[in-house]
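The values are calculated or read from the model by the stated rules, or taken from the named source; none is laboratory data. Please read all numbers here as calculations on a predicted model, not as lab measurements. When we count neighbours, we look across all protein chains shown, and the Cβ atoms used for this are built from the backbone with ideal geometry, even at glycine.
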């Protein structure tokens, strides 16, 4: 038996082929652009995702017996607003997770409707990236488009719709819409009312491993798949990455160093952050998690390398950072290139270098970028620890996690051991695992993770001496956002 995992990402779609033993047989990807039509806006044409899937899957299957494919799972970027009309056609470009145009709508939800009220409806408070504020923006700024909405979708669910003809979503992805009653895993009628929606405009809810349908016969022929391939509901990218790294069941943690950065911490039952800094979401195994999110994780290093240094050799650039300088860099970087979620919930925040002198080197600034992201992740972990969520170790995945230097910095700053999973493509691997559960190969997600997930036996251990140095530097870094907060309000 073969299983396909799709990851509908922000910059590319990744396709992964897995056999029943959990071996990754092939990985393909197709890239696409993001549009930034206004400052702070971020959009994509959903047709780009579908074209990427149609490009990737046939290449993925080359050299393999496609008749052995029995199920497919999708994951992808969360929060993106895809709106369809009565004919199932896309009304306007999707508004993505890192779009910050909705700060006035967020203010309305958190101040006028009220933080406590919104949290009582959903388990969360409003952020600019979430889906519900985008719907309010659409209602106010594009009322004709809003009036045409027949179905509200999320990115990976749009792909599943094209595959199966079924409008579905799963509880993990729905958690990030601010339209889900997370505790009860059902759509929130009060939030639908706030946003001017009817339940028929929302997709049907499933658990991540549940089958929503089969690949349509004409689509199967187009993609080179056999008829009858099951499609499961799938998961949001972070929830799927947790499955792909084995962060399943209470008391587990996974760090994702992707375009954004997240710390995903599974909990014993539904739990909320009393200060509303962390997200309370459903997990793909039927449980719950707290998640801290920084809007620009490995994307900071991409910006620094590609746009500023205009250098393509990431490894060579990081080789200039001397190991003996870890914990001693007096240059600080605030990684708020797209605003920030955890813990500030401030779309006006911006990135900054602080502490440069005449002798500051290129390597110092590169090191500051890597450390700034690690400090921001430490903010997320600190918020969890204040809620008495204990994190003793974590897996780590994503493009940024491929760097040994960056992994070491994260371990030292956070003060926890890190484990490296068998595949860098943890979200797509998790999606394929969910497909295996959907096909009945395993009775539940936990059994599947126990059987298939493998991590490196070598852990990245924090260096206690460097850790102690970083604690003092983190305190300095942590003081910078409050010092600049009033400035941010003036420059936007």
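General observations
- Only a single criterion out of (1) over 23 Å from the mean Cα position of the chain (by Cα); (2) within 30 Å of residue 114 (Cβ to Cβ); (3) crowded, with 21+ Cβ neighbours inside 10 Å is not satisfied by residue 215, namely (2).
- Residue in region 43-66 that is in contact (Cβ under 8 Å) with a residue 40 or more places away in the chain, buried (at least 22 other Cβ atoms within 10 Å of the Cβ) and farther than 28 Å from residue 244 by Cβ present: no
- Condition check for residue 233: buried (at least 24 other Cβ atoms within 10 Å of the Cβ), over 12 Å from the mean Cα position of the chain (by Cα), under 17 Å from residue 180 (Cα atoms) and assigned by TED's automatic domain parsing to the domain that holds residue 17: yes
- Among the residues of region 393-423, those identified as under 30 Å from residue 73 (Cβ atoms) and part of a loop (DSSP other than H, G, I, E, B) are 393, 398, 403, 416, 417, 420, 422, 423.
- Restricted to region 236-259, and to residues there that are touching a strand residue (DSSP E or B) at 6+ places or on another chain (Cβ under 6 Å) and part of a loop (DSSP other than H, G, I, E, B), the residue that is surrounded by the fewest Cβ atoms within 10 Å (Cβ to Cβ) is 250.
- Screening the candidates 81, 61 for the property of being in the same structural domain as residue 225 (by TED's automatic domain parsing), modelled with pLDDT of 95 or more and within 19 Å of the chain's Cα centre (by Cα) yields one hit, 81.
- Among the numbered conditions (1) buried (at least 17 other Cβ atoms within 10 Å of the Cβ); (2) over 20 Å from residue 154 (Cα atoms); (3) out of contact with any helix residue (DSSP H, G or I) (no Cβ under 6 Å at 6 or more places or on another chain), the only one that residue 18 does not meet is (3).
- Filter result for residue 146 (assigned by TED's automatic domain parsing to the domain that holds residue 162, under 25 Å from residue 33 (Cβ atoms) and either crowded, with 22+ Cβ neighbours inside 10 Å or touching a helix residue (DSSP H, G or I) at 6+ places or on another chain (Cβ under 6 Å) (or both)): no
- Restricting region 88-98 to residues that are out of contact with any strand residue (DSSP E or B) (no Cβ under 7 Å at 6 or more places or on another chain) and touching a residue at least 24 places away in the same chain (Cβ under 8 Å), the residue that is farthest from residue 262 (Cα to Cα): 88
- The single condition among (1) in contact with a strand residue (DSSP E or B) (Cβ under 6 Å, 6 or more places away or on another chain); (2) assigned by TED's automatic domain parsing to the domain that holds residue 6 that residue 430 does not meet is (1).
- Total residues in region 192-208, condition in contact (Cβ under 8 Å) with a residue 12 or more places away in the chain and in a helix (DSSP H, G or I): 5
- Hits in region 179-212 (condition: on the phi > 0 side of the Ramachandran plot and more than 26 Å from the chain's Cα centre (by Cα)): 196
- Residue check, residue 165 over 25 Å from residue 289 (Cβ atoms) and touching a helix residue (DSSP H, G or I) at 6+ places or on another chain (Cβ under 6 Å): no
- Taking the criterion of being in a loop (DSSP other than H, G, I, E, B) and free of Cβ contacts under 8 Å to residues at least 24 places away in the same chain, the residues of region 23-42 that qualify are 23, 32, 33, 36, 37, 39.
- Residue ID - modelled with the lowest pLDDT, chosen from residues in region 424-450 that are assigned to a loop (DSSP other than H, G, I, E, B) and surrounded by 19 or more Cβ atoms within 10 Å (Cβ to Cβ): 425
- Residue in region 159-180 that is surrounded by 24 or more Cβ atoms within 10 Å (Cβ to Cβ) and over 19 Å from residue 208 (Cβ atoms) present: yes
- Some residue of region 5-12 being farther than 25 Å from residue 202 by Cα and part of a strand (DSSP E or B): yes
- Within region 451-463, being at pLDDT below 95 and out of contact with any strand residue (DSSP E or B) (no Cβ under 8 Å at 6 or more places or on another chain) holds for 457, 458.
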